[in-house]
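Each value in this text was obtained by applying a stated rule to the coordinates, not by laboratory testing. The shown structure was predicted, so the numbers you read here are calculated from the model rather than taken from an experiment. Quick reminder, even Gly has a Cβ in these numbers, built from the backbone with ideal geometry, and neighbours come from all protein chains shown.
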Amino acid sequence: MRAVKTLLASVAVAAGLSGAAVAQDATKVGFIFVGPIGDGGWTYEHNQARLAVEEEFGDQVETIYQESVPEGADAERAITQMALAGADLIFTTSFGYMDATVAVAEKFPDIKFEHATGYKTAPNLSVYSARFYEGRAVQGHIAGKMTKSNIVGYIASFPIPEVIRGINSAYIHAKKVNPDVQFKIIWAYTWFDPAKEADAAKALIEQGADVILQHTDSTAPQAAAQEAGNIITFGQASDMSEYAPMPRVSSIIDNWAPYYIARTKAVMDGTWESTSTWDGIGAGMVGIGEITDAVPADVKAEAEALRDALGSGEYHAFTGPLNKQDGSAWLAEGETADDGTLAGMDFYVEGIEGEIPSS
Amino acid sequence: MIHLEKRPQPSQFWAGFTPILAVIATMIAGGIMFWMLGKPPLEAIRTIFWDPLFHETFGPYSRPQLLVKAGPLILIAIGLSLGFRAGIWNIGAEGQYIMGAICGAGVGLAFYPSESVLIFPAMVLAGALGGWAWAMIPGLLKVKFGTNEILVSLMLVYVAENLLASVSQGLLKNPEGMGFPGSRNFRDFPAAYNTEIISGTGMHWGVAAAFVAVIFAYVLLTRHMLGFQVRLTGEAPRAARFAGVNPTRLILFCLGTSGALAGLAGLFEVSGPSGQVTIDFNSGYGFTAIIVAFLGRLHPIGILLAGLLMALTYIGGELAQLMLGLPAAAIQMFQGMLMFFLLAMDVLSHYRIRFNKTVPV
């Protein structure tokens, strides 16, 4: 019995040593993903960026990841294990990991953490997000021009500022080109659930929507739209070009690669600092997928002009005059929204029907 | 020619031995799967079963985490096993878990930021009551109207999930949360925080409650009249009727107890490891506990071991993803194999394998 124990102990020690040897050679970058890397949307794009980091630095980096990590107690364990595994830099890529990331960052002051879409920072914890609402403005423009029924369906995920911002931005720009446009919003309470998303898309189509916007990550709404025919959709998080030219006429593409590469470089150089990053079309974090020929040439040209204006910073997606849903004044003529209000946005703009669930 | 011969009595030996056999079979089949995925099979299996316990770097962290992960599973499974033994099928522990968390957390948050020592006990009580009340719905509907408790309890899970989404964004939303859904974090509310009883062991109040539940269930089933009635009703319903077992009382007792224990598990989880009420706070413990109950043969000690084994495959599975880049789906397949082999091996405890040359007429 003692011999067996000794043998087992030596195996464990050997395993530990080999793990430590790897950690010293390369910078180890860890990723915590909320969905499977094959979701075709949010997690897929984060994983593409992980691969871009590997490509950029070759042998100098080693990346590790864990997919489908539930938000909550399991997340804290997953992040801690990643820290114990010797990661130098850890990206936690979903809002729900916020408190877990904060807790682990406190325990491992020498490891750098990056939390996507949150707002809590620490000396070794940065936050980063993308101004997806800029992309929503372009979608809204196309949606307003293209709809014949004047009903635009919107599959929303959770009623958090990120999602509400997207709805507002899309609505403002649809309304600008089509005063009769009406938004029908379904809250799916999921980021990724093909069955629920398909149901939501079908329900919206039955209610007369001929444009479907989505803030959920699967391609199920695209498939539902294709089946129904004559419905247009937009890729979410990734290009979803397999549904082009119809129903997918354009897309918002998350491009995390430049940011991940820059942050990994900073850790390698020892120049990493805690920051809050919120980049948009201009910095390349938000990409607008190719607008297909299903969109008339003049609409396409307008949409591209809008994209370029947002990218250069000459136009802001939230420019007054704008009122809140209850009719109270929000932005005066020519005034643009400040980042603080946008970050905590919990109201609809004037004209959107319905209520944000229980807030 | 091999054929199976039904045993007059399920074999005691095989009932105890098949779980071990199932684990070995899973290691072999899982190893083949990992090998086909191009991963080193022995290393993968070692990572899943060995590293969480004895790895130099991970072990000290993972060992306490085993208790944290197993605690709620055991607590819920013990409750479920009572009903399952008596043929009362509560499939909705997930919903009762959620309701326990909501009620318990609600009581705690209502008194924020009080420092009274009574807050945590009050939350525990509210958690148990919340789960109990949610389980009483299928219970009362069954005894009054003869509805099917499987369907009712399962459907109530979805109701509870929607309630959870609602309170995370409304009633219990953190007023300082910048409009984001989710309650205050109990970490920042020491009087209501389900802290570790002994620091660094993972032993929080919920884990302690799970151990107490195991002992109580064991005593109840072996020494108490009510436990005898539970067993009798499951094994010989007709005899139970003649023995004067009151089915109404038994149904309400079994559903109520399992609901209360599931509610407790939810409360301990929300106020401790999870820390806050969020939209998707529940991560399937209520359903996984059903597997744990059966994996443990509905026996309290078996459930204790099964819960720990289940936790081991979760944590080991995470390590395997991390260290070897195994996909999450492969780990789920591996867990699925374990269940499959366990059920398949049951044949050995119910049947004798005979080798003979002539086919019996």
### Query
Residue by residue through segment A:115-124, which ³J(HN,Hα) values in whole Hz follow from phi under the Karplus form 6.51 cos²θ - 1.76 cosθ + 1.60 (θ = phi - 60°), with glycine and proline marked x?
10, 7, 6, x, 9, 9, 10, 8, x, 10
### Query
For chain B, what is the calculated [θ] at 222 nm in deg cm²/dmol (nearest 500), taking -39500 (n - 2.57) for each run of four or more DSSP H residues and dividing by its residue count?
-23500 deg cm²/dmol
### Task
Could you pull out the GluC sites (Glu not before Pro) across segment A:195-279 that fall in loop regions by DSSP (anything but H, G, I, E, B) with no more than 13 other Cβ atoms inside 10 Å?
A:E273
#### Entry: For chain A, alpha-carbon Rg relative to the globular expectation (2.2 N^0.38 Å, N residues)
1.08
### Message
Please list 3J(HN,Hα) in residue order for segment A:303-314, calculated via the Karplus relation 6.51 cos²θ - 1.76 cosθ + 1.60 where θ = phi - 60°; whole Hz, with x for glycine and proline.
### Response
4, 5, 5, 4, 4, 5, 5, 5, x, 7, x, 6
### Message
Between 0 and 90 degrees, rounded to the nearest ten: what's the tilt of helix A:2-25 against the longest Cα principal axis of chain A?
### Response
50 degrees
### Radius of gyration and Dmax over the Cα atoms of the protein assembly as shown, both given in Å
27.8, 96
### Task
Place the peptides B:150-158, A:138-146 in order of packing, highest mean first, counting for every residue the other Cβ atoms within 10 Å and averaging per peptide.
A:138-146, B:150-158
### Query
What residues have an amide H closer than 5 Å to that of B:Y351, excluding those fewer than 5 places away on the same chain, when H is modeled at 1.01 Å from N in the peptide plane?
B:R7
### Summary
Computed over segment B:63-324, the distribution of all Cα-Cα distances in 5 Å bins, rounded to whole %, is 1, 7, 13, 17, 18, 16, 12, 8, 4, 2, 1, 0, 0
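Averaged across A:76-86, how many Cβ atoms of other chains sit within 10 Å of each residue's Cβ atom?
For this peptide, the per-residue mean of nearby foreign Cβ atoms is 5.
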### Two-decimal log10 I(q)/I(0) for segment B:50-137, as the Debye equation yields it once each C-alpha is a single scatterer, q = 0.23 Å⁻¹
-1.02
### Summary
Among the DSSP H helices of chain B, those whose Cα atoms extend at least 27 Å along the helix axis and whose mean Kyte-Doolittle hydropathy is -1.0 or higher are B:12-36, B:59-85, B:119-145, B:149-169, B:247-271, B:300-324, B:328-350
### Task
Within 10 Å of each Cβ in peptide B:56-63, how many partner chain Cβ atoms are there on average? Round it to a whole number, please.
5
## Note on the structure
Computed over chain A: longest principal axis from alpha-carbon atoms vs helix A:132-146 long axis, angle to nearest 10 degrees, is 30 degrees
### Summary
The set of residues whose placed amide H lies less than 5 Å from the amide H of A:G30, leaving out same-chain residues fewer than 5 positions away, is A:I64, A:D88, A:L89, A:I90, A:F91
### Query
Around A:T277, which amide H atoms from residues at least 5 apart in sequence, or from another chain, sit under 5 Å from its own amide H, with H modelled in the peptide plane?
A:V127, A:Y128, A:S129
### Query
When Cβ neighbours within 10 Å are restricted to other protein chains, what is their mean count per residue of peptide B:165-174?
3
### Task
For every helix of n ≥ 4 consecutive DSSP H residues, a contribution of -39,500 (n - 2.57) applies; sum these over chain A, divide by its total residues, and give [θ] at 222 nm rounded to the nearest 500 deg cm²/dmol.
-13500 deg cm²/dmol
## Note on the structure
Taking Cα atoms, the helix A:161-177 axis meets the longest principal axis of chain A at an angle in degrees (rounded to 10) of 30 degrees
### Task
Determine the equivalent ellipsoid of segment B:140-266 by diagonalising the alpha-carbon gyration tensor, then write out the semi-axes as square roots of 5 times the eigenvalues, largest first, rounded to whole Å.
37, 23, 8
### Task
Note down the relative contact order for chain B as a percent, whole number, built from C-alpha pairs under 8 angstrom at least six residues apart.
36 percent
### Task
Go through B:130-141, B:67-78, A:312-323, A:103-114 and give me the packing order, highest mean Cβ count within 10 Å leading.
B:67-78, B:130-141, A:103-114, A:312-323
